[in-house]
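Undergrad: What follows is a single structure, and I will ask about it in a moment.
FYI, it's all coordinate maths here, none of it is from the lab. This one's a predicted model, so the numbers in the text were calculated from it and none came from an experiment. All Cβ positions, glycine included, derive from the backbone under ideal geometry; neighbour counts span all protein chains shown.
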Ligand SMILES: [Zn+2]
């Protein structure tokens, strides 16, 4: 079996006509192959997707191009449980460190 270095690819789909950032694209490559996901923006129309056709702009229907591509190698040593990350951030806040503004919509 061929040895394949895992990589993560990220980019943005922009419209040739109106410049709208219609979507983000994320992909993984590993030994099993390449998987690509198209993520719609939080606000505004997502891309027009049809099986077998290139994605089109959700705002004007124009052609899209892939821009600002990042290709990175995932580091499996950086994975941490969410509870530990929250505890670490809370301890930094208590210590008077630089705390980011809270924007979480979690119910109190
Ligand atoms: Zn457009």
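Undergrad: Taking strands (runs of 3 or more DSSP E) that do not extend beyond the range 1-90, which have at least 2 residues that are within 15 Å of the ligand (Cβ to nearest atom), within 17 Å of the chain's Cα centre (by Cα) and loosely packed, with under 14 Cβ neighbours inside 10 Å?
TA: Qualifying strands (runs of 3 or more DSSP E): 64-72.
Undergrad: Scan the range 7-37 residue by residue and report those that are farther than 17 Å from residue 69 by Cβ and in contact (Cβ under 8 Å) with a residue 40 or more places away in the chain.
TA: Residues satisfying the conditions are 17, 18, 20.
Undergrad: If the Cβ limit is 8 Å and pairs must be 6+ apart or interchain, which residue in the range 51-64 that is over 12 Å from residue 18 (Cα atoms) and touching a residue at least 24 places away in the same chain (Cβ under 8 Å) pairs with which residue that is within 11 Å of the ligand (Cβ to nearest atom) and part of a loop (DSSP other than H, G, I, E, B)?
TA: If the second residue must be within 11 Å of the ligand (Cβ to nearest atom) and part of a loop (DSSP other than H, G, I, E, B), the pairs left are 55/47.
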